[in-house]
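Chemist: Structure incoming, see below.
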Amino acid sequence: MSATAEPSAELPASVDEVYSFLGPSGTFTEAALAQVPEARGKRWRAVNNVGEALADVVAGRSVAAMIAIENSIEGGVSVAQDALATVPGLRIVGEYLVPVNFVLVARPGTALADVRTINAHPVAYAQCHQWLDANLPAHGHLPASSNVAAAASLFEGSTADAAIAPPGIVDHHDVVVLAENIGDNPNAVTRFVLVSTSRSVPEPTGADKTSLIAELPDDRPGSLLDLLEQFSTRGINLSLIESRPIGDALGRYRFVMDADGHIRDERVADALLGLRRFSPSVIFLGSYPRADKLRVEFDQRYRDEVFTEAREWLASLVDDAGVPGGFRG
């Protein structure tokens, strides 16, 4: 690892040396941060939760924060989605994928038959429930703030007998592994995003994603369809759409969306204009390269030149309208 995580250490004077992540050292979030070229050799600050990580960025204690946003098994991470919807001034500047699997660990001298209670982060616990039900059907669960914190708690007075943790936990704590590969899905992947306050948008690569949050203007039949048509009528695929309660009244929701493409793509820009006209609240979270680097495929009827030609055609009609004789187009 090129940098160390020291939650209690003094932060350096230059904020561009600091990146925040969900700690302690050894978490999947730290593994995601290790994929960021700009963070290598810089100072990493381990924090206790997503709110603290984003607060570091807003307050200027960190130049960026790595947070989990989506899991291939459990879907969107609601605490991250809600924070991005309510904390102003944040932008996603990159995404990173981390394969996820787990081990069951315990204090030295503990056997699998001794396990009655397990400490685990709720998301990790949910991803291991089939193995747990088959091998420890009578176990109890104590929630932890992170996967590494679950293992660390075994040496901090926890009443748990074992913990669910990342495979590399043995490099950080003196635990014994009771079982390996206990995740229900061997292909599980967690998507992380790097969040900052930067207003610059990376140049389009052809393999990009645009993240947005929007509200419906009213609660009526077809309102959600009207929102979705802003994208479908422009040939844009939504790779993610999830609803989250706004919180001001029962039945009021905002929608978290990932659209295939870049804000500088004509079809995406046009969709955002339509969305802005339709929705009372639109939050642009950023356009950035896809972690899988897969080029976005779309119907060529929606290529940039089509939108450009249409605007030029309309401009010519407007120009002609000022000429005696009216429109000639």
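Chemist: What are the residues whose amide H is under 5 Å from the amide H of Leu240, where those residues sit 5 or more places off or on another chain and H is modelled from the backbone?
Modeler: Correct list: Asp258.
Chemist: Taking only protein heavy atoms into account and a 1.4 Å probe, give the accessible area per residue of the stretch 8-104 in Å².
Modeler: 38 Å²
Chemist: Related question: Can you give me the accessible area per residue for the stretch 223-329, using a 1.4 Å probe, in Å²?
Modeler: That works out to 59 Å² for each residue.
Chemist: Quick one: compute a quarter of the convex hull surface over the Cα atoms of the chain and quote it in nm².
Modeler: Here the figure is 21.7 nm², rounded to one decimal.
Chemist: Could I ask something else about it? Over the chain, calculate the relative contact order: mean separation of alpha carbon pairs under 8 Å at least 6 apart, over the residue count, as a percent.
Modeler: 18 percent
Chemist: Using a 1.4 Å probe, how large is the accessible area of Asp133, given in Å² and rounded to the nearest 10?
Modeler: 90 Å²
Chemist: Over what distance in Å are the Cα centres of the stretch 166-182 and the stretch 130-149 separated?
Modeler: After rounding, the separation between the Cα centres reads 14 Å.
Chemist: A further question follows. Taking the Cα centre of the chain as origin, sum charge times position over the Cβ atoms of Lys and Arg (+1) and Asp and Glu (-1), and report the length of that vector in debye to the nearest 20.
Modeler: In debye, rounded to 20, the chain gives about 280.
Chemist: Same structure, new question: If you count, for each residue, the other Cβ atoms within 10 Å and average over each peptide, how do 284-297, 235-248 line up from highest to lowest?
Modeler: 284-297, 235-248
Chemist: Given the stretch 182-261, what whole percent of its Cα pairs are spread farther than 18 Å?
Modeler: Summing the P(r) tail past 18 Å for the stretch 182-261 gives 58 percent.
Chemist: Shifting gears a bit: Among Glu95, Glu156, Glu215, which one moves the most in a GNM of the chain with springs linking Cα atoms closer than 10 Å?
Modeler: Glu156
Chemist: A further question follows. On the protein heavy atoms, probe 1.4 angstrom, tell me the percent of accessible surface of the chain carried by carbon and sulfur.
Modeler: Carbon plus sulfur share of accessible area: 53 percent.
Chemist: While we're looking at this one, here's another question. Give the angle, between 0 and 90 degrees and rounded to the nearest 10, that separates the Cα long axis of helix 304-321 from the longest principal axis of the Cα atoms of the chain.
Modeler: 30 degrees
Chemist: Any chance you could give the angle, 0 to 90 degrees and rounded to 10, that helix 50-59 forms with the longest Cα principal axis of the chain?
Modeler: Approximately 60 degrees, to the nearest 10.
The values are calculated or read from the model by the stated rules, or taken from the named source; none is laboratory data. On a predicted model such as this, the values are computed, not experimentally measured, just so you know. Please note: Cβ atoms are built from the backbone with ideal geometry, for glycine as well, and neighbour counts cover all protein chains shown. Areas reflect the complete protein model, heavy atoms only, side chains present, ligands, DNA and RNA absent. Shrake-Rupley method; radii C 1.70, N 1.55, O 1.52, S 1.80 Å.
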